1. Quick check on region 45-75: of everything there that is assigned to a loop (DSSP other than H, G, I, E, B) and away from ligand 1 (no atom under 16 Å from the Cβ), which residue is surrounded by the fewest Cβ atoms within 10 Å (Cβ to Cβ)?
2. Specify the residue that is surrounded by the most Cβ atoms within 10 Å (Cβ to Cβ); the eligible residues are those in region 176-201 that are modelled with pLDDT of 90 or more and within 16 Å of ligand 2 (Cβ to nearest atom).
3. Residue by residue through region 176-227, note down the ones that are in contact with a strand residue (DSSP E or B) (Cβ under 6 Å, 6 or more places away or on another chain), among the β-branched types (Val, Ile, Thr) and in a helix (DSSP H, G or I).
4. Is it fair to say SER4 is in a strand (DSSP E or B), within 16 Å of ligand 1 (Cβ to nearest atom), among the hydroxyl-bearing types (Ser, Thr, Tyr) and out of contact with any Cys (no Cβ under 6 Å at 6 or more places or on another chain)?
5. Quick one: what pairs do we get from region 108-127, first residue more than 9 Å from ALA154 (Cα to Cα), second part of a helix (DSSP H, G or I) and among the acidic types (Asp, Glu), C-beta under 6 Å, 6+ apart or different chains?
6. Among the residues of region 41-49, are any at pLDDT 95 or above, more than 16 Å from ligand 2 (Cβ to nearest atom) and out of contact with any Cys (no Cβ under 9 Å at 6 or more places or on another chain)?
7. Quick one: in region 162-175, of everything that is part of a loop (DSSP other than H, G, I, E, B) and surrounded by fewer than 20 Cβ atoms within 10 Å (Cβ to Cβ), which residue is nearest to the chain's Cα centre (by Cα)?
8. Looking only at region 76-107, which residues are free of Cβ contacts under 8 Å to residues at least 60 places away in the same chain and not in a helix (DSSP H, G or I)?
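The values are calculated or read from the model by the stated rules, or taken from the named source; none is laboratory data. Please read all numbers here as calculations on a predicted model, not as lab measurements. Note that each Cβ is placed from the backbone with ideal geometry, even for glycine, and that neighbours are counted across all protein chains shown.
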Amino acid sequence: MTISELNVSFMQYASRLRTRVVTGLTGLDLEVREGEVLAVIGASGSGKTLLAQAILGILPRNAQVTGEIRFRGERLTAVRRRRSVGREISYIPQSVTNLDPLMPVGKQVRIGLDARTAQQEQSRLFARYGLASETSRLYPFELSGGMLRRVLFATSVRDGVRLVIADEPTPGLHAEAVEEVLRHLRELAADGVAVLLITHDILSAVSVAERVAVMNGGRLVTVEPASAFTGEGDRLSHPFARDLWRALPQNRFSVGGVEWHW
Ligand SMILES: Nc1ncnc2c1ncn2[C@@H]1O[C@H](COP(=O)(O)OP(=O)(O)OP(=O)(O)O)[C@@H](O)[C@H]1O
Ligand code: NI
C-alpha cells in the first residue's frame, strides 16, 4: 500500500458565523510493503489513528481528505474499500469493546464467513490463535484480556488478507500477552501480509518491525530501520528519532527538546 500527499483537516465551528480549519495530517507519504511490519509511533495526538482511519475510510464526518492511497496497484476508492475492508484489508481495533458483549465469541468469529464452511474456518482460526474449542460458547466477559485479544485477531484476520492495520493492540496486556500479539503480527508478515502497527510502545515497535515511522504533529517526521534503534541511537538518521530513543528511561540519556507522553 502506498500513501501519497495525504492531508486530513477538520472543519470546526468557531462561532455561529465563522468556521476554522484544524489540521490533522499534513503531506504524508508512506509505503507499507507486503511481508513487512511497519510500525508507526508518535505521541498522543500526533495523527496515528487518523492515518489508520484514512486508509480504512472511517474518518470522522467533519474530516476533509486529499491525497492518494493505492492498494495493490489500484486507487483505494470508496468502491474498492467496500470490496476490501474486512477481507483483503483487516483492521484490528484498539479496543476489545468492538466485540459484542451479548454474543458468544465463537459466533462473533463466524460473522461474515461463508455459512457452509464457517464452523470449519472457525476451528482453524481458533487453532491458529491458541483458543480452546470450549471457548467458543463463552461470552467476552468470561475471557481474560489476552484471550479477548486473540478473539479480536480471529474476528479480524481472514483468509486472503493482504494488509493488516492494528491500532494499539497491546495496552493493558501483561508482557507475555504482548509478546503473543507481536508474534501473530510477525507471522502475518511472514505469510506475505503488509502489517501496519500503530503503537505508543517504541520497544515493541523496534522488536517486531522492519521499519519504524515516527509521527509528530500530524506529519511523518522520518522512517527509520528498526535496527537503527540501538545503543545511543547514532545510526538514526533524524534527530527527532534520536531524541525519542535517548529519552527512553532504559537508555538513561538526558535530552532536551522532546517531550514524550506515554
Ligand atoms: N473529529 C475531529 N475533529 C477535530 N479534530 C480531530 C478529530 N479527530 C481527531 N482530531 C485531531 O486530530 C489529531 C490526531 O488525532 P489521532 O487520534 O490521530 O491521534 P493519535 O496519534 O492516534 O493519538 P493517541 O496516541 O492518543 O491515540 C488530534 O489532535 C485530534 O484532536
Ligand atoms: Ni490513536
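1. Residues of region 45-75 that are assigned to a loop (DSSP other than H, G, I, E, B), as a first pass: 45-47, 57-62, 72-73.
Adding the requirement that they be away from ligand 1 (no atom under 16 Å from the Cβ) leaves 72-73.
Numbers: ARG72: 15, GLY73: 6.
Restricting to residues being assigned to a loop (DSSP other than H, G, I, E, B) and away from ligand 1 (no atom under 16 Å from the Cβ), the top hit is GLY73.
2. Ranking the candidates gives LEU197 first.
3. Listed by number, the residues that qualify are ILE202, VAL208.
4. On the way: in a strand (DSSP E or B): yes; within 16 Å of ligand 1 (Cβ to nearest atom): no; among the hydroxyl-bearing types (Ser, Thr, Tyr): yes; out of contact with any Cys (no Cβ under 6 Å at 6 or more places or on another chain): yes.
Judged against the criteria, SER4 is not a match.
5. Sorted first by the residue in region 108-127, then by its partner, the pairs are LEU113/GLU121.
6. No.
7. Of region 162-175, the ones part of a loop (DSSP other than H, G, I, E, B) are 162, 168-174.
Now drop any that are not surrounded by fewer than 20 Cβ atoms within 10 Å (Cβ to Cβ), which leaves 162, 168, 171-174.
Working: ARG162: 14, GLU168: 6, PRO171: 13, GLY172: 16, LEU173: 16, HIS174: 19 Å.
That would be GLU168.
8. Result: THR77, VAL85, SER95, LEU99, ASP100, PRO101, LEU102, MET103, PRO104.
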